[in-house]
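Notes follow once the structure below has been shown.
Just so it is clear, none of the values below were taken in a lab; they were calculated from the coordinates. All values derive from a computational prediction rather than experimental measurement. Counting neighbours? That spans all protein chains shown, and the Cβs are built from the backbone with ideal geometry, glycine included.
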Amino acid sequence: MLTTIKQRLKKYSPQSDNSEFSDVTPKAAVLLLLHGDPDNPQVILTQRAKHLSSHAGEVAFPGGMRDKYDNDLLATALRETQEEIGLASSKINILGSLPTDSTQLNIIRVMPFMGWVDTPFRLTPDPSEIASVFNFPLSFLLDIKHYQYFFLAQGKIELPYVWYKDYKIWGFTLKVMVDMLNNTLDAKLKLRYPSRKQLDQLGKK
C-alpha cells in the first residue's frame with residue numbers, strides 16, 4: 001500500500017505555502033503520519049482535549065496554526081506535531097503534500113502534509129492540548145460498510161463518520177484520509193457531503 005501511495009503522491013507537487021489565498025487568510029497545517037507495516041500502515045491520530053475552546057474532544061491530525069516564526073507551512077506542521085505529541089521531525093520522512101482544504105463552516109485554510117514515521121518512536125502527548133493518541137489502520141476506511149451519517153446544525157446538514165474503538169472520526173480529518181485514498185489507491189469511496197451552496201446558506205444565518 002505504501003509504495004503505491006508514494007508513487008501516486010508524486011502528482012502533487014509539495015507546497016510550502018498557500019499562495020492561492022490572501023495573506024490575511026488564517027493558515028494552518030497538519031500531518032497525516034503513517035507507520036508500521038508498509039502493506040497495512042497505521043495513522044497517528046489524536047483526540048483533542050475536552051477543555052479546548054475549539055473542536056474540543058474531536059479526532060484530529062497533529063498540527064495547528066502557523067506561527068509568525070515558521071518559515072513555511074511544513075515547518076508549522078512539524079513544530080506543532082512535536083509540541084502536541086512529542087514526535088521529533090528527525091523521525092518523520094515527508095512524502096508530499098495533499099490538496100489544500102478547509103474545515104466545514106470555517107474560514108481557516110489547512111494544508112495537509114503526509115509523512116512516514118521511522119520506528120521505533122516514542123510519543124509524549126501534551127495534556128494541555130491532547131486527551132489521547134491512537135493508531136488507526138488506514139485499511140479500515142476502504143470498507144464502505146464502516147461509514148455512517150449524522151446530522152449537524154440542528155439537522156440542516158448531514159456528514160459522514162466512522163467509529164473506531166471509542167473514537168468518532170469525521171469532518172476534515174476523515175475527508176483528508178478518504179480523498180487521499182481515492183487519489184492514490186483509486187478507492188472509489190463516494191461519500192455524501194453538503195453542497196457548497198448549503199454550507200454558504202448555513203453560514204449566513
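Tabulated data
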item	result
Computed over the stretch 100-191, Kirkwood Rh from alpha-carbon pairs, angstrom	15.3 Å
Descending semi-axes in Å of the chain, equivalent ellipsoid built from Cα gyration tensor	24, 21, 19
Sparse-neighbourhood loop sites, trypsin sites (Lys or Arg not before Pro) in the stretch 33-66 - DSSP loop, at most 11 other Cβ within 10 angstrom	K50
Most mobile listed residue (A77, A60, A131) in the chain, GNM with C-alpha springs under 10 Å	A131
Span-like helix ranges in the chain, DSSP H, alpha carbon extent 30 angstrom or more, Kyte mean at least 1.0	none
Violating pairs (Cα-Cα greater than 32 angstrom) within the set K91/K190; K68/K190; K10/K156; K10/K50; K50/K175	K91/K190; K68/K190; K10/K156; K10/K50
Additional length obtainable on full extension of the chain from E158 to S128, 0.36 nm per residue less Cα span	7.7 nm
Electrostatic dipole magnitude of the chain [Cβ: Lys, Arg +1; Asp, Glu -1; Cα centre; debye, to 20]	720 debye
Dimensionless Rg over Rh [the stretch 61-145; C-alpha; Kirkwood]	0.97
Highest-first arrangement of 27-36, 167-176, where packing means the average Cβ count within 10 Å	27-36, 167-176
Lys/Arg +1, Asp/Glu -1 at C-beta; the chain dipole; positive extreme among S139, P160, S54	P160
Over the chain, relative contact order from alpha-carbon pairs under 8 Å, at least 6 apart, %	23 percent
